[in-house]
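J.: Here it is, the structure, as structure tokens.
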Amino acid sequence: MEKFFSVEDVDELDKVVQEALSLKANPHEHSELGKHKMLGLVFLNPSLRTRLSTQKAAINLGMDVMVMNMDKDGWALETQDGVVMNGTTVEHIREAAAVMGEYCDILGLRSFPGLKDRELDYSEDLFNKFVKFCGVPVVSLESATRHPLQSLTDLITITEHKKVQKPKVVLAWAPHIKALPQAVPNSFSEWMCKAQEQGLVEFTVAHPVGYELHEDFTKGATIVNDLDAALDGADFVYVKNWSSYRDYGKVFPVLQNWMLDNQKLKLTNDAKVMHCLPVRRDLELASEILDGPNSLVIKEASNRVWAAQVVLKRMLAKLK
Amino acid sequence: MEKFFSVEDVDELDKVVQEALSLKANPHEHSELGKHKMLGLVFLNPSLRTRLSTQKAAINLGMDVMVMNMDKDGWALETQDGVVMNGTTVEHIREAAAVMGEYCDILGLRSFPGLKDRELDYSEDLFNKFVKFCGVPVVSLESATRHPLQSLTDLITITEHKKVQKPKVVLAWAPHIKALPQAVPNSFSEWMCKAQEQGLVEFTVAHPVGYELHEDFTKGATIVNDLDAALDGADFVYVKNWSSYRDYGKVFPVLQNWMLDNQKLKLTNDAKVMHCLPVRRDLELASEILDGPNSLVIKEASNRVWAAQVVLKRMLAKLK
Amino acid sequence: MEKFFSVEDVDELDKVVQEALSLKANPHEHSELGKHKMLGLVFLNPSLRTRLSTQKAAINLGMDVMVMNMDKDGWALETQDGVVMNGTTVEHIREAAAVMGEYCDILGLRSFPGLKDRELDYSEDLFNKFVKFCGVPVVSLESATRHPLQSLTDLITITEHKKVQKPKVVLAWAPHIKALPQAVPNSFSEWMCKAQEQGLVEFTVAHPVGYELHEDFTKGATIVNDLDAALDGADFVYVKNWSSYRDYGKVFPVLQNWMLDNQKLKLTNDAKVMHCLPVRRDLELASEILDGPNSLVIKEASNRVWAAQVVLKRMLAKLK
């Protein structure tokens, strides 16, 4: 595993989930594997869950960790070639990535999209250049278009809590006041589509017209524009806002009610409710659900550790 | 010890002091106790001594430590229930605290008061909610109304340097240009009042009229409005500024000289002088004292490690 | 080694280089030396390479590390005595340094010059006071006038890559859009002058008229104002911008082309090209060189670990 960037970097989903659950049962079993190995976590954007859970996973494996918060340092990186660097960028990603690769055995990178230039964001230019120039395995801590540690976590959580062999999983768009990236829904969707292919789930995406995700991420999914219809018989509802891909990065008014509450939950098969957090209460998702018995959001966040740990474990095994 | 928030969380003061001094004599004696245990330190406000000393204490006990500086991330927390989160707060304390509790075995929290709404500050709403929602033991790293690690440190320092069985300890208000919280003087006062009850000290509080602390913190203390009178026969003078509790968060002119200098020190019983730091030289306290033989401020700061270590040790012992 | 501040703190240069290369060959050989020893890294200015490489070096030696980013905390330090602290500084360096010295066995300090008051910057007032008041060994992580870990790194890198016994090393001024400190060139120059004395290199400094370094740093060096002449026969070219020492902190237009590119490189003896990074591509140094076979910049950055590790190892040995 040279990089962990998308669902393509994992073959058998159920196998990686079982390996993660085995780590959850015995967190310190492989605490010698990471001895004298350094993980560098590079944040170009803020992080709470990702930073803490990945740090903890690395420590469980016996690794050392160094964290670089480059967003707050004003250490602006140049990513384009052929630019005379007489502006605000102080270092080129060619040097910055290569240097970090010298100090670390594995790197993690978080970088949000600008949400202005769709082609640039969806080229994953920054992440790909970082991988190319750093020369060591890289874990995505959320890139412009994907958040794979979150999606692996979500699959682990669904596996733990499913009551039927092949549960119905619904990704449900939710309202927000800000324009958010498509990274989490893209990623969840591509993981669920693959899980559907491998017979693990049935997958539906529900969103208002205009909020279509890029079709690369939703192959095989049932896509509907009616939340109530989607909720019918659902075993898991994954609530998440995203901005428009078509009218890139835009947010426009939605007339129907897309916020999940207890009344809508009645339409489901007593579904478990998921969200990657942070969640804006009573805007994206009703408090009554978050504080009720159907919410999995804290257990889901807790599982972030095991998703990170299985990925790091596999990378460490290849380093040896 | 489910939380360490006030003097109420410790029974016999002398016993905890002696345990701290034993750790000071053998810092690494319990370095196996914290193995595979994670301490999370959450700062909503800046910190130097508290951060470093608590980190060091945890490391001495064999713990791993993760630090979250949430003040600088703009990761504004919502603390009120029933709020539609369509404003500037990005995550509710219910989720944020619960998630951190999933990743850590013990949490520390620093949060200053707003100094605008007295009732809100003195309800300790934020600290209490953090304790309630995180589900793990919590150490206060200074809350709206108390700074218990500082006060335990102060008692340790007094115990080490006292020349008589029951020294006279004076908490002396000092000038400042900013409106500071009452947390340090409240806390010092409630610890000294309990120490007085347990026969360890005699305790006097001296401040100008208008700077009365809330009576819950000064029960049994001698309270005077004349610094010179208070200093008479003092063995320890604890210098500290605070803003008004009565006219909440306000600062008003004080005509007399309340800054301790060598001349005023002559009124004492060759008193040792303490301050929690940071101190503004020649505004709060004369340089001639800070640079002279009577100052304990550096030794006091040094003792912060042992206060934190004894608290963490007791919490770890209960986790087992 | 009570401090590591300048080339004066090392006697035999070749010996320290060989010791560093031995650590590079066996990074974890002394991983017991730093057990239960704390390194504190204090940054008053941003850092990427210095922070990561020094952290890694300490971890290789078995030390624990605490990092304090004081630039971002608004924790402004007062450095002058006799000041009534009723302004913006919140703590005096006397207390801040002393307290950090209580928590740490070795401290590192980064502090850039203001580039406004030459006498103040060149007095190294802040660094010297930090050393004086903290009471423990101090490693400079770059001070107002020197960057010794960088210079030791550079000597290590030259030693590794030299093809002749006594290579010709040229420090070549380069263009920039900002006014940069003289710390790196001063430091490189004083290390190369000593290396020249000890028969290790031949050293030339090339810069436009007006960019003379203080003569204390260039004793014995050949100084020229013609880049092409300097490059003739060079085995190593060390590219770096700096602002004027004479017209202190100023930058003025330079008519000739001082940016090293492949055409200029032809004047050399197939020289290896060095830079401390971050480098502004095609402003300071041509991309074609950075991406070509003559660039050592990444290997140089990588060697920062071994420079830091040999310094820390020597300090730890004296602590025992």
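The values are calculated or read from the model by the stated rules, or taken from the named source; none is laboratory data. Nothing here was measured: the structure is a model prediction, and the numbers come from that model. Positions of Cβ are generated from backbone atoms using ideal geometry, with glycine treated the same way; all protein chains shown enter the neighbour counts. Only protein heavy atoms, including side chains, enter the accessible area calculation; ligands, DNA and RNA are left aside. Shrake-Rupley method; radii C 1.70, N 1.55, O 1.52, S 1.80 Å.
J.: Which count do you get for residues in the stretch B:58-80 that are under 22 Å from C:MET70 (Cα atoms), out of contact with any strand residue (DSSP E or B) (no Cβ under 9 Å at 6 or more places or on another chain) and modelled with pLDDT of 95 or more?
T.: Looking only at that region, the number is 0.
J.: Would you check if C:GLY40 is touching a helix residue (DSSP H, G or I) at 6+ places or on another chain (Cβ under 6 Å) and either small (Gly, Ala, Ser) or within 17 Å of B:VAL65 (Cβ to Cβ) (or both)?
T.: Details: touching a helix residue (DSSP H, G or I) at 6+ places or on another chain (Cβ under 6 Å): yes; either small (Gly, Ala, Ser) or within 17 Å of B:VAL65 (Cβ to Cβ) (or both): yes.
Spelling it out, C:GLY40 is indeed touching a helix residue (DSSP H, G or I) at 6+ places or on another chain (Cβ under 6 Å) and either small (Gly, Ala, Ser) or within 17 Å of B:VAL65 (Cβ to Cβ) (or both).
J.: Okay, next question. Hey, does the stretch C:47-61 have a residue that's buried (at least 17 other Cβ atoms within 10 Å of the Cβ) and in contact with an Asp or Glu (Cβ under 7 Å, 6 or more places away or on another chain)?
T.: Restricting attention to the stretch C:47-61, the residues satisfying the condition of being buried (at least 17 other Cβ atoms within 10 Å of the Cβ) are C:47-61.
Next, only the ones that are in contact with an Asp or Glu (Cβ under 7 Å, 6 or more places away or on another chain) stay: C:50, C:59.
Within the stretch C:47-61, one or more residues are buried (at least 17 other Cβ atoms within 10 Å of the Cβ) and in contact with an Asp or Glu (Cβ under 7 Å, 6 or more places away or on another chain).
J.: In this structure, is A:ARG281 more than 11 Å from chain B (Cβ to nearest Cβ) and either more than 30 Å from A:LEU109 (Cα to Cα) or over 18 Å from the mean Cα position of the chain (by Cα) (or both)?
T.: no
J.: Is it the case, given these coordinates, that A:CYS134 is within 15 Å of A:LEU41 (Cβ to Cβ), touching a residue at least 40 places away in the same chain (Cβ under 8 Å) and not hydroxyl-bearing (Ser, Thr, Tyr)? Steps first, please.
T.: Values: within 15 Å of A:LEU41 (Cβ to Cβ): yes; touching a residue at least 40 places away in the same chain (Cβ under 8 Å): no; not hydroxyl-bearing (Ser, Thr, Tyr): yes.
So A:CYS134 fails the test.
J.: In addition: Hey, C:ALA76 hits all of (1) of a type in the set (Gly, Ala, Ser); (2) out of contact with any Leu (no Cβ under 8 Å at 6 or more places or on another chain); (3) under 28 Å from C:THR159 (Cα atoms) but one; which does it fall short on?
T.: If we test C:ALA76 against (1) of a type in the set (Gly, Ala, Ser); (2) out of contact with any Leu (no Cβ under 8 Å at 6 or more places or on another chain); (3) under 28 Å from C:THR159 (Cα atoms), just (3) comes out false.
J.: Which one of these is of a type in the set (A, V, I, L, M, F, W, C) and in contact with an Asp or Glu (Cβ under 7 Å, 6 or more places away or on another chain): C:ALA183, C:ALA229, C:ALA234?
T.: C:ALA183 is the lone residue from the list that is of a type in the set (A, V, I, L, M, F, W, C) and in contact with an Asp or Glu (Cβ under 7 Å, 6 or more places away or on another chain).
J.: Out of all the residues in the stretch A:1-33, which are within 23 Å of the chain's Cα centre (by Cα), farther than 13 Å from A:ARG314 by Cα and within 14 Å of chain B (Cβ to nearest Cβ)?
T.: A:LYS24, A:PRO27
J.: A further question follows. I'm checking my understanding of the structure. Among residues of the stretch A:268-278 that are open to solvent by less than 70 Å² (accessible area, probe 1.4 Å) and in a loop (DSSP other than H, G, I, E, B), which one is nearest to the other protein chains (Cβ to nearest Cβ)? It would help to see each step written out before you state the result.
T.: Filtering the stretch A:268-278 down to residues open to solvent by less than 70 Å² (accessible area, probe 1.4 Å) leaves A:268, A:271-278.
Remaining after also requiring in a loop (DSSP other than H, G, I, E, B): A:268, A:271, A:275-278.
On the way: A:THR268: 22, A:ALA271: 19, A:HIS275: 9, A:CYS276: 11, A:LEU277: 6, A:PRO278: 4 Å.
Per the stated criteria, the residue is A:PRO278.
J.: Please go through the stretch B:1-33 and give me each residue that is among the hydrophobic types (A, V, I, L, M, F, W, C), touching a residue at least 40 places away in the same chain (Cβ under 8 Å) and in a helix (DSSP H, G or I), ordered by number. Steps first, answer last, please.
T.: Taking the stretch B:1-33 and keeping what is among the hydrophobic types (A, V, I, L, M, F, W, C), we get B:1, B:4-5, B:7, B:10, B:13, B:16-17, B:20-21, B:23, B:25, B:33.
This time we only want the ones that are touching a residue at least 40 places away in the same chain (Cβ under 8 Å), so: B:1, B:4-5, B:7, B:10, B:13, B:16-17, B:20-21, B:23, B:33.
Result: B:VAL7, B:LEU13, B:VAL16, B:VAL17, B:ALA20, B:LEU21, B:LEU23.
J.: Here's a follow-up. List, please: which pairs have Cβ atoms under 8 Å, are six or more places apart or on different chains, and start with a residue in the stretch B:203-221 that is free of Cβ contacts under 8 Å to residues at least 24 places away in the same chain and end with one that is open to solvent by 10 Å² or more (accessible area, probe 1.4 Å)?
T.: Short answer, once both residue conditions are applied: B:VAL209/B:ASN225.
J.: From the residues in the stretch A:285-303 that are surrounded by fewer than 24 Cβ atoms within 10 Å (Cβ to Cβ) and outside any helix (DSSP H, G or I), which one is nearest to the other protein chains (Cβ to nearest Cβ)?
T.: Result: A:ASP291.
J.: Pick from A:THR89, A:THR157: which is under 15 Å from the mean Cα position of the chain (by Cα) and at negative phi? Give the steps one after another, and end with the answer.
T.: Numbers: A:THR89 fails: under 15 Å from the mean Cα position of the chain (by Cα).
One residue alone meets the criteria, A:THR157.
J.: Here's another thing I want to ask about it. Identify, please: which residue in the stretch C:163-179 is touching a Lys or Arg at 6+ places or on another chain (Cβ under 8 Å) and hydrophobic (A, V, I, L, M, F, W, C) and is, among those, most open to solvent (accessible area, probe 1.4 Å)?
T.: Filtering the stretch C:163-179 down to residues touching a Lys or Arg at 6+ places or on another chain (Cβ under 8 Å) leaves C:171-174, C:176-177, C:179.
Now drop any that are not hydrophobic (A, V, I, L, M, F, W, C), which leaves C:171-174, C:177, C:179.
Details: C:LEU171: 0, C:ALA172: 4, C:TRP173: 12, C:ALA174: 0, C:ILE177: 85, C:ALA179: 45 Å².
Selected residue: C:ILE177.
J.: Hey, another quick one. Looking at B:ALA195 and the list (1) within 27 Å of B:ASP291 (Cβ to Cβ); (2) modelled with pLDDT of 95 or more; (3) not hydroxyl-bearing (Ser, Thr, Tyr), which single condition is not satisfied?
T.: In the conditions (1) within 27 Å of B:ASP291 (Cβ to Cβ); (2) modelled with pLDDT of 95 or more; (3) not hydroxyl-bearing (Ser, Thr, Tyr), B:ALA195 misses (1) alone.
J.: Out of (1) under 15 Å from the mean Cα position of the chain (by Cα); (2) in the same structural domain as B:PHE236 (by TED's automatic domain parsing), what's the single condition that is false for B:LYS163?
T.: With (1) under 15 Å from the mean Cα position of the chain (by Cα); (2) in the same structural domain as B:PHE236 (by TED's automatic domain parsing) applied to B:LYS163, the lone miss is (1).
J.: Any residue that is among the hydroxyl-bearing types (Ser, Thr, Tyr), surrounded by fewer than 18 Cβ atoms within 10 Å (Cβ to Cβ) and closer than 29 Å to A:GLY249 by Cβ - is there at least one of those in the stretch A:83-94?
T.: Filtering the stretch A:83-94 down to residues among the hydroxyl-bearing types (Ser, Thr, Tyr) leaves A:88-89.
Filter once more, so that each one left must be surrounded by fewer than 18 Cβ atoms within 10 Å (Cβ to Cβ): A:88.
Next, from what is left, pick out any that are closer than 29 Å to A:GLY249 by Cβ: A:88.
The answer is yes, given that some residue of the stretch A:83-94 is among the hydroxyl-bearing types (Ser, Thr, Tyr), surrounded by fewer than 18 Cβ atoms within 10 Å (Cβ to Cβ) and closer than 29 Å to A:GLY249 by Cβ.
J.: Could you list, ordered by first residue, the pairs with Cβ atoms under 8 Å in which the first is in the stretch B:177-193 and part of a helix (DSSP H, G or I) and the second is among the acidic types (Asp, Glu) and surrounded by fewer than 24 Cβ atoms within 10 Å (Cβ to Cβ), at least 6 apart or interchain?
T.: B:GLU190/B:ASP216
J.: Does A:LEU155 satisfy being open to solvent by less than 40 Å² (accessible area, probe 1.4 Å), hydrophobic (A, V, I, L, M, F, W, C) and assigned by TED's automatic domain parsing to the domain that holds A:SER244? If you could, list the steps in order and put the result at the bottom.
T.: Details: open to solvent by less than 40 Å² (accessible area, probe 1.4 Å): yes; hydrophobic (A, V, I, L, M, F, W, C): yes; assigned by TED's automatic domain parsing to the domain that holds A:SER244: yes.
Yes; evaluated as a whole, the condition is true for this residue.
J.: So which helices (runs of 4 or more DSSP H) stay within the stretch C:34-136 end to end and still have 2 or more residues that are under 29 Å from A:VAL90 (Cα atoms) and either more than 11 Å from chain B (Cβ to nearest Cβ) or in contact with a Ser or Thr (Cβ under 6 Å, 6 or more places away or on another chain) (or both)? Lay out the reasoning, then the answer.
T.: On the way: elements: C:49-60, C:93-103, C:118-122, C:125-134.
Fully inside the stretch C:34-136 and qualifying: C:49-60, C:118-122, C:125-134.
J.: So which residues in the stretch C:304-316 are under 16 Å from C:LYS15 (Cα atoms) and either within 14 Å of chain A (Cβ to nearest Cβ) or open to solvent by 10 Å² or more (accessible area, probe 1.4 Å) (or both), if there are any at all? Spell out how you get there, then give the answer.
T.: Going through the stretch C:304-316, the residues under 16 Å from C:LYS15 (Cα atoms) turn out to be C:306-315.
Answer for the stretch C:304-316, where residues must be under 16 Å from C:LYS15 (Cα atoms) and either within 14 Å of chain A (Cβ to nearest Cβ) or open to solvent by 10 Å² or more (accessible area, probe 1.4 Å) (or both): C:TRP306, C:ALA307, C:ALA308, C:GLN309, C:LYS313, C:ARG314.
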